[in-house]
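Heads up: the structure comes next, in structure tokens.
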Protein chains: 2
Amino acid sequence: MEHFDFGSPEWEQRDRRWRATFVNSLSGFKSAALLGTRSAGGLENVSIFSQIMHLGAAPALLGIVFRPDSVERHTLSNLRNTGMATLNLIPSEHAAAAHQTSARYSEDLSEFKGAGLTPVYLNGFEAPFVQQSPVRAALSLAEEHLLSINGTILVVCKLLWAEVPAEITHADGYVDLGSAGIVTTNGLDAYHSTQLLGRYAYAKADQKPRLL
Amino acid sequence: MEHFDFGSPEWEQRDRRWRATFVNSLSGFKSAALLGTRSAGGLENVSIFSQIMHLGAAPALLGIVFRPDSVERHTLSNLRNTGMATLNLIPSEHAAAAHQTSARYSEDLSEFKGAGLTPVYLNGFEAPFVQQSPVRAALSLAEEHLLSINGTILVVCKLLWAEVPAEITHADGYVDLGSAGIVTTNGLDAYHSTQLLGRYAYAKADQKPRLL
């Protein structure tokens, strides 16, 4: 085992990027999703995010973490100005293009074009979806929370509707993302496919774990 | 494609558990981690969490989402009372035991015992770690945010130190969780192993995506 003390002089002496890579990849696998937005002037934007949380089912809510000092600022300002965004999960064959949306494109060049992804409009919703994504949802801005400790912003969004391939939604409501080839991320730049180990029944204190 | 409208009467008529399963599994793969705590009276607790976010590297911070109405309340009250918790990532061979910690054990029975996991104390830290976990970190409570929209609580924790197998930390700081067999979750009860597709170089607008 190697020990890392985040308050030590040894830690502070490490390269800034080394520390960011380490801490980003330490806390477990994360979602990888493209958020699609449009500016008030109609410019389309798409950007990859990995800090996306489930916050509740009734009402259906999710949380997204924004670093105000990063390239993601176009997404946040569009979301604030229009109140709308789209969530698009990433299949393995488009992981490279999804990663490319994190490049610093100038404000007048769409990340869709830069990364080779295709905007598509569904059900009259005003923000663009990603055609290459098989699992998509429409979001509206609900709440913002400033985390004063480091200036990070948690944006709470309401899930308005979703489109999911019929064959990956199980009878009990489980959306089987692995069978749609959806990737997970480990840190800033690593993309993984997944293999189902098992689903377990609702745990009870007087019963052993049981596979569904 | 199947369409789900979260504001529709059809959605409202679906079973509550069906809706929870659907929305929980819709937004992508998540971390799976055991949080270890101890009450002011010395009772040990361990419980599984999947809504864990990276919030920053300098200072090293992570966020954990708590539902106040769930069994996780022992973890939250212990964290509030002692200011300390441990983060323990889950290897695939212990996914069943980790899931079992979500059962409603009475307050005087340790979930460690109920689930067959072993508490271990490291470096004088007062909260228990999970012996079966290969990637562990010590946390201290930093901030709480109440998400008024549904009563959910975001707890921001400072990462104090971490222990990671030397062989999974790459030269650039990347912690290769997949090679340590760490699982990811898709929803309430599905655990997956992972396979690295690739790591991509820092994206630049004038360059194509490039594998590291």
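Can you find a residue in the stretch B:50-60 that is closer than 19 Å to A:Val175 by Cα and in contact (Cβ under 8 Å) with a residue 40 or more places away in the chain? Step through it out loud before you land on a result.
To start, the set of residues in the stretch B:50-60 that are closer than 19 Å to A:Val175 by Cα comprises B:50-51.
Imposing the further condition that a residue be in contact (Cβ under 8 Å) with a residue 40 or more places away in the chain reduces the set to B:50.
The answer is yes; a qualifying residue exists.
Within the stretch A:59-82, the set of residues being among the β-branched types (Val, Ile, Thr) and either at pLDDT 95 or above or crowded, with 21+ Cβ neighbours inside 10 Å (or both) comprises A:Ile64, A:Val65, A:Thr75, A:Thr82.
Among the residues of the stretch B:149-186, how many are open to solvent by 30 Å² or more (accessible area, probe 1.4 Å), within 7 Å of another protein chain (Cβ to nearest Cβ) and not in a strand (DSSP E or B)? So that I can check it myself, show each step before the final result.
Pass one, the stretch B:149-186, residues open to solvent by 30 Å² or more (accessible area, probe 1.4 Å): B:149-150, B:158, B:160, B:166-167, B:170-172, B:179.
Subsequent filtering for residues that are within 7 Å of another protein chain (Cβ to nearest Cβ) retains B:149-150, B:160, B:166, B:172.
Subsequent filtering for residues that are not in a strand (DSSP E or B) retains B:149-150, B:166, B:172.
Matching residues across the stretch B:149-186 total 4.
Among the residues of this structure, A:Ala103 does not count as one that is aliphatic (A, V, I, L, M) and modelled with pLDDT of 95 or more.
Looking only at the stretch A:187-203, count how many residues are farther than 14 Å from A:Ala95 by Cβ and at the interface with chain B (Cβ under 7 Å from one of its Cβ atoms). Show your work before the answer.
Looking only at the stretch A:187-203, we keep the residues that are farther than 14 Å from A:Ala95 by Cβ, and these are A:195-203.
Remaining after also requiring at the interface with chain B (Cβ under 7 Å from one of its Cβ atoms): A:195-200, A:203.
Of the residues in the stretch A:187-203, 7 are farther than 14 Å from A:Ala95 by Cβ and at the interface with chain B (Cβ under 7 Å from one of its Cβ atoms).
Run down A:Thr152, A:Thr169 and say which single residue is in contact (Cβ under 8 Å) with a residue 60 or more places away in the chain and among the hydroxyl-bearing types (Ser, Thr, Tyr). If you could, list the steps in order and put the result at the bottom.
On the way: A:Thr169 fails: in contact (Cβ under 8 Å) with a residue 60 or more places away in the chain.
None of the others qualify; the one that does is A:Thr152.
Looking at the stretch A:194-207, can you tell me whether even one residue there is under 20 Å from the mean Cα position of the chain (by Cα) and in contact (Cβ under 8 Å) with a residue 60 or more places away in the chain? Among the residues of the stretch A:194-207, not one is under 20 Å from the mean Cα position of the chain (by Cα) and in contact (Cβ under 8 Å) with a residue 60 or more places away in the chain, which makes the answer no. Only a single criterion out of (1) touching a Leu at 6+ places or on another chain (Cβ under 7 Å); (2) facing chain A (nearest Cβ under 9 Å); (3) farther than 23 Å from B:Ser179 by Cβ is not satisfied by B:Ile90, namely (3).
Only a single item in (1) of a type in the set (Gly, Ala, Ser); (2) touching a Lys or Arg at 6+ places or on another chain (Cβ under 8 Å); (3) crowded, with 18+ Cβ neighbours inside 10 Å is not met by A:Ala32, and it is number (2).
Rundown of residues vs (1) touching a strand residue (DSSP E or B) at 6+ places or on another chain (Cβ under 7 Å); (2) polar (S, T, N, Q); (3) touching a residue at least 24 places away in the same chain (Cβ under 8 Å); (4) buried (at least 19 other Cβ atoms within 10 Å of the Cβ), yes/no style:
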position	(1), (2), (3), (4)
A:Met84	yes, no, yes, yes
A:Leu89	yes, no, yes, yes
A:Ala98	yes, no, yes, yes
A:Thr101	yes, yes, yes, yes
A:Ser106	no, yes, no, no
A:Leu109	no, no, no, no
A:Val120	yes, no, no, no
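Inside the stretch B:83-126, residues that are part of a loop (DSSP other than H, G, I, E, B) and either closer than 28 Å to B:Glu143 by Cα or not hydrophobic (A, V, I, L, M, F, W, C) (or both) make up a count of 19. Would the stretch A:183-190 turn up any residue that is under 30 Å from B:Glu10 (Cβ atoms), touching a residue at least 40 places away in the same chain (Cβ under 8 Å) and within 19 Å of the chain's Cα centre (by Cα)? Scanning the stretch A:183-190, I find no residue that is under 30 Å from B:Glu10 (Cβ atoms), touching a residue at least 40 places away in the same chain (Cβ under 8 Å) and within 19 Å of the chain's Cα centre (by Cα), so the answer is no. Hey, does the stretch B:46-58 have a residue that's loosely packed, with under 15 Cβ neighbours inside 10 Å and at the interface with chain A (Cβ under 7 Å from one of its Cβ atoms)? Yes.
The values are calculated or read from the model by the stated rules, or taken from the named source; none is laboratory data. Just so we're clear, the structure is a prediction, and the values are computed from it rather than from any experiment. Every residue, glycine among them, receives a Cβ derived from its backbone with ideal geometry; neighbour counts consider all protein chains shown. We work out accessible area using only protein heavy atoms, side chains counted, and drop any ligands, DNA or RNA first. Shrake-Rupley method; radii C 1.70, N 1.55, O 1.52, S 1.80 Å.
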